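What follows is a short report on a single structure.
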Amino acid sequence: MPPSTDESGALSGRARETAQALDVVRYVLDQASAAPGGNAELVLPESAIAAALMAEPHAESVGERAAAIFNQHANSVAGYLARSGDGQPGGTP
Amino acid sequence: MRVTLTAPDSRGPRVIQEIPDIELCRLEGRNGIGKTLAVRLLELCSGGQPYAAHEHSWSTLRDQLGRVQIRIEGLPVGAIDVELTPSEWPERPTAQIDTKLGTVKIDGRTSTWSELRTHVQVTRVAGDEGLTQTFAIELQERANHVGAVLEEADPVFVAWDEYFDGLSSAAGSVSRADLEALMASATEGHQALKTAEATHEENRAQLEMAERRYATLASFAERQAELPSRLQELSAALGQVAEADQAIGEVSEALQVLAARAAIEERQRPELVRLEHLRPRRRRDLQELVVAERGILAALGLGVESSDRDLRAAREEALRDVRDAQKQLRELDLVGGLKRTIGDLQGQLRVAPKSLDREIIAAVPEPITTASLRDGLATRMHEVERLPRDGEVAQLARRAETADRRRLLAQEALECRRKAVRKRELVEEAETAFVALLGLEAKDRGEYEALESRLRGAQEARLSAAVRLNVAKRALAQLLGVVLPEPASGPESEIDDELEMDIDAGGDGELEVDEYNSPDAWQRRANELEAEALRELRVLAAASGTDPATVDALLRLVPEELDTALTEARETLDRLGAEATHSRVTLADAEQRSKASAGAIEEAHRAVRSAYVGLTDPSGVWAALNSGLRDVLGVSGESEAVTADLELASALGRVSMVAEWFASAANKVREILSAAELVLNSLARELDPRVASSSLKAGGRSPASSDFLYEASIRRWSESELGKLVSGEVLRHELFDDSRHVSVDLRRAIIAWQASEGVPRQRPLEAFSSGEQVFLYTRAKLERLRDSRRPSAYSLVVLDEFGAFVARDRLGQLLSYVRESALGTIADQVVIILPLAQDFANDKEAPFLRQLAEGFEGVPAGLLNRIRQLESRNYFATSADGL
C-alpha cells in the first residue's frame, strides 16, 4: 500500500510517520523470517496485516480491511499451519 | 518572499517580527528574541515537526505562546495569512497535527495546509549538531513517528482483535478431537452400560436363587422343628372335640327320650320336629360364631375378654396405620408417582383429537408436538416400568396391606359379636318354645333342666375344643403353606327359620371331618413339601454348579447343623443382595452417563452444523470472508453423515486456527511497533542524553520480553537508516574515501567503510565532531534537500546556529557553496541566522559609531541600517553578500 501524498506530491506528515513505522515492521519481519526457524512464507501476510492496520486510524473500516487480507492470505496461512502443525504465528526473530 | 510574525498574546516566548525578502539573507540578533522560534513555526506550517525531539519546548509553547499571526508575501499566489493556535495543539509533538494547528488563508480566502505547502516549503538546517546528535535526533524523530502511529492505530488493533476473535468463536468450540473424544466416550459408555446390564442381570438371578434356597431351607428347618408338636396339638384337639360330641349326643338322646314321654298332640308334631332340628342348628351356629370371633381375636392378638370398644379401637388404629403408610408411600414412591402421572397424561392424550398431533403442546426450549409428547411418554413409561422399587417403598406397601387386613379382621369380629347376640336370642327363643310345646310334668321338667345344663356344659367344652382345633389347624396350615378358608363371621342366621330348615335338611349336623382334621393328611402334606424342597434345592444346586449330593446330605442334618447351614445361606443372601444393590446403582449410573454422552454428542453435532451454516451464510456476518473461508474450509456441509461432521469439525478448527493466527499476527505487529518506539528512544538517549526526554510513553514503561526479542532487528534497522544519512555523495567523498558502502555500528559507536584500495576502515562517532566535519554535514543535509524539495513550492532554507561552531572562514566557504550550488536549485531563498557578533546599539562606542554613520560620508550605509534595526527590534537582517 503506497504511502499517501499531499497535493504537492510530497509525503504528508501522517504518511511519513506511517511509512517509517511500516518500514521498521517490515524490516523486523524480514529479519525474523531469515533467522533460523523463521517462516519466509508468512512475511507477506504479516506485512499485509501491518499495512492494513496502519492504513487509516478509523476502526469502522477494519472489517473491510480484515476481509480483504483474509481472503487474500487465509489459504496460504492455513497451508502453513497445517504443515507446521502448531497453529501458531511463526517467525522467531 | 517576506514573512512577518506577531504573537500578541504571548506570556513569555518571543518571536522576531520579520524575515525580509532577501535572496541570501544574514539575520543577526541578540539571544532570546525568537529567531529560531520563528523558523520552527514556519517549518510547522510547511508540514514539518521541528519539535519531535523537543517535547518540553513544545509544552511551553502550548501553554504560553498564544495565537501567532504570520503573513507571507511576495509569492505569485498572493498573500498567505496564517493564524496558529498553540493552545489547541496535541500534547505530544506528533507530525499529524493539521486539524489543530490553526487556520490558513491564501489571497484572502480560507484554504488548507496542504495547499499552503504547494506554495511554500521552509527547512531549517542546524549548525550546532554534531554527528552523534544528528543521529540521536533522527532516531528520536522515528521513535516519535512510530509512537504516534501506535497510539493512533490503537482502536484499529482492538477492532482487528475483536473481529478475528469473533471469527474464531463463530467457528465453534467443538474441535474434531473433541468430537472424536465424545464419540469414543459414547461407545465406551454404551459398552459399560451393556456390561452393567449383564452384571446386574447375573447378580439379580443369583440373588433370586439364593432367596429361593434360603426360603426352602428355612421352611424345611421350621417344619423339622415344629411339625411334631403341631400334629400332637391337632390330635389332642380332635380327641376333645370327639369327647364333647359324644357327651352332647348322650344328653341329646336323653332329652329326646324325655320329649317322647311328653303328651304331644298330633297337630303339634310338625312344630316339634321343626324345633328339634332348629335348636341344635342354632346352637351350632352360635358356636361357630363364637369360634370365628375367638379366632379373629387371636389373629389380632386380643384376649377373649376384649370388649367391643377394644375392637373398635383396634379397627381405628389399623385404619390410621393404613392411611399413614399410604401417605408415606405417596411421598416416597417416586416411581409409582411417575407411573401414575405418565399414565394420567397418556390417558388424556389418547382421547385428544388427532388434529392436535402437530400442534405445539409445550413451549420448552425445543417445542414438542402432541404426537411427539405421546411417543415420548410411551418410551418413558417403558423405562419407568423397568425401574426397581425401592426397598423402603416395598416395606411400606406391605405395612399398608397388613394394617388393612387388621382393620378388616376387627370389623369382622364386631360383626361376629353382633350376629352372636342375635343368634343367642334365637337359641333362647327356640328353647322356650320347645319347652312350652313339650308341656312336661314337674318331675320331668326338673330332669329336663338338668339335661339342658349338662348339654350346655358339653357344648361349652366342645366350643373350647373347637377353638383349640382351629388354632392347631391354622398353625399347621401356616407351617405347611396351606391356605385355609378365611375366618367366617358365622352363618347368616338372621334369615328366617323356614330357609334355615331348607339348609339344615342338607347338612349332617356334625362337625365336618375333612382332610384338615386328619394328622395323616397334614403329615402327607409335610412329606410332599420335603420332596418339593429336595427338588428345588437340587435344581438350585445344579444351576449354581453345586453337587446335588450335598443337598441330600443337607436335608439329613440335625437341627443345630441346619441352623448353621441356614446362617451361611443368610450370609450368602445378604452378600448377593449387597452386590445386586451395587450393580443396580452401577447400572443406573451407566444409563445416566450413556444418556448424557448421547446428548453431548448430539449437541456437538448441532454446534458443528450451526457453526458451518453461520460461517457460510451468504447473507450472514461473515459473508465478506466468503472466498477465504471457502479456501480454508474446503468441505461441503451438505452430508449428514458422522464422518462428514468430523470433516466439518476439522475444517472449522482450521478456520479457528487461521483466525487466531490473524489476531496473533496483528499483536505481533503491535509488539514490533512498541519495541521499535522503546528501542529507538533508547538508542537516541545513548547517543545524546539531551533528546531523551522526548518519549513519554515508551520511555515510561518497563521493557517487555518482545522488546528484547526484536531489539537486535530494530537496532540494525536504525543503523541502516543512519547509514543512509552518511552515504550522500558529499560526505562519502569528503569523509569516507568515496566508499560505495558506509555503515553505522551503534553498539560499537563507529562508522565503517572501505578505502579506495579496498582496505576496511572505521572511526568512532566521537571523531566526527570538528568544525570542518560540521560544515560537511551541513553540505550533506543541503544536498538531501534537493531530493525532498517540492517542485512547485517556494523553498526557504534557514541555516541556524552556525556562528558558535563554524569559524568565519568556514562560513564564507559555506556561503560560497550556497550561492553556487544551493540557490535556485535547493532553495529560492536562504537565511543565515547568526548570534550578534557586535552590539552596535549597546556598546560603549555605540554613540560614536552612530554619529559616524550619520555624519560622515564614506561610512557604509548598511551600518546605520543595522544600528537602527538593532535599536528597534534587537536584530538586523541584511543581505549576506557582504560576509
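Please treat every number below as a calculation from the coordinates, not as lab data. No experiment lies behind these values; they were computed from the predicted model shown. Virtual Cβ from ideal backbone geometry, glycine too; neighbours counted across all protein chains shown.
Just from its helices, what would the mean residue ellipticity at 222 nm be for chain B, if runs of 4 or more DSSP H residues each count -39500 (n - 2.57) and the sum is divided by every residue, rounded to the nearest 500 deg cm²/dmol? Display every interim value, and only then the final one.
Details: 25 runs with 568 residues, N = 883.
Theoretical 222 nm ellipticity from helices: -22500 deg cm²/dmol.
Please check chain B for the longest run free of GluC sites (Glu not before Pro) that are loop-located per DSSP (anything but H, G, I, E, B) and have at most 13 other Cβ atoms within 10 Å. Display every interim value, and only then the final one.
Details: sites that count: B:Glu91, B:Glu265, B:Glu305, B:Glu359, B:Glu441, B:Glu492, B:Glu494, B:Glu510, B:Glu512, B:Glu638, B:Glu640, B:Glu757, B:Glu845, B:Glu857.
Looking at chain B, B:92-264 is the longest stretch - no exposed GluC sites (Glu not before Pro) with at most 13 other Cβ atoms within 10 Å.
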For B:Asp574, project a label point 7 Å along Cα to C-beta. Then give me every residue of region B:200-225 with its amide nitrogen under 19 Å of that point.
B:207-219
Between B:Glu266 and B:Ala436, the FRET efficiency computed from the C-beta separation at R0 = 25 Å comes out, to the nearest 0.05, as 0.90
Under a cut-off of 15 Å between alpha-carbon atoms, report the aspartates and glutamates in cross-link reach of B:Lys443, not counting same-chain residues fewer than 8 places apart.
B:Glu452
Tell me, what is the FRET efficiency for B:Ser770 and B:Arg71 to the nearest 0.05, using R0 = 56 angstrom and their Cβ-Cβ distance as r?
0.85
Candidate lysines - alpha carbon under 21 Å from B:Lys194, same-chain residues fewer than 8 apart omitted:
B:Lys595
Loop-only trypsin sites (Lys or Arg not before Pro) in region B:761-794, please: DSSP not H, G, I, E or B, and at most 13 other Cβ atoms within 10 Å.
none
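For B:Asp787 and B:Val257 in one chain, what is 0.36 nm times their gap in residues minus the Cα-Cα distance, to one decimal in nm? If you can, show how the numbers build up before the last one.
On the way: separation 530, 0.36 × 530 = 190.80 nm, distance 16.62 nm.
My answer for the length gained is 174.2 nm.
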Degrees between helix B:559-616 axis and first principal axis of chain B (Cα, 0 to 90, nearest 10)
40
Of all beta bridges DSSP finds with both residues in chain B, what is the antiparallel percent, to the nearest 5?
65
For B:Glu401 paired with B:His382, estimate the spin-label separation in nm (one decimal), with each label point 7 Å from Cα along the Cα-to-Cβ line.
2.9
As straight-line cross-link partners of B:Lys327, the qualifying lysines (C-alpha separation under 26 Å, not fewer than 8 residues apart within one chain) are B:Lys339
Between B:Val613 and B:Ala588, Cβ-based FRET efficiency (R0 41 Å, step 0.05) works out to 0.65
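Using the Cα centre of region B:218-314 as the reference point, and only Cβ charges (+1 on K/R, -1 on D/E), how large is the resulting charge dipole? Debye, rounded to the nearest 20.
Numbers: 14 positive and 17 negative charges, 64 e Å.
The dipole of region B:218-314 has a size of about 300 debye.
Quick one: length gained pulling B:Ser705 to B:Lys194 fully straight, 0.36 nm per residue minus the C-alpha distance?
Details: separation 511, 0.36 × 511 = 183.96 nm, distance 5.55 nm.
Additional length available on full extension: 178.4 nm.
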Angle between chain B longest axis and helix B:154-170 axis [Cα atoms, degrees, rounded to 10]:
30
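For B:Glu88 and B:Ala521 in one chain, what is 0.36 nm times their gap in residues minus the Cα-Cα distance, to one decimal in nm?
Separation in residues times 0.36 nm, less the Cα-Cα distance, equals 143.4 nm.
Take every DSSP beta bridge whose two residues both sit in the protein assembly as shown, then give the antiparallel share in percent to the nearest 5. All intermediate terms of the calculation are to be shown ahead of the outcome.
Numbers: 35 of 53 bridges.
DSSP beta bridges in the protein assembly as shown are roughly 65 percent antiparallel.
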Relative contact order of chain B, pairs being alpha-carbon contacts under 8 Å that are 6 or more residues apart, as %:
25
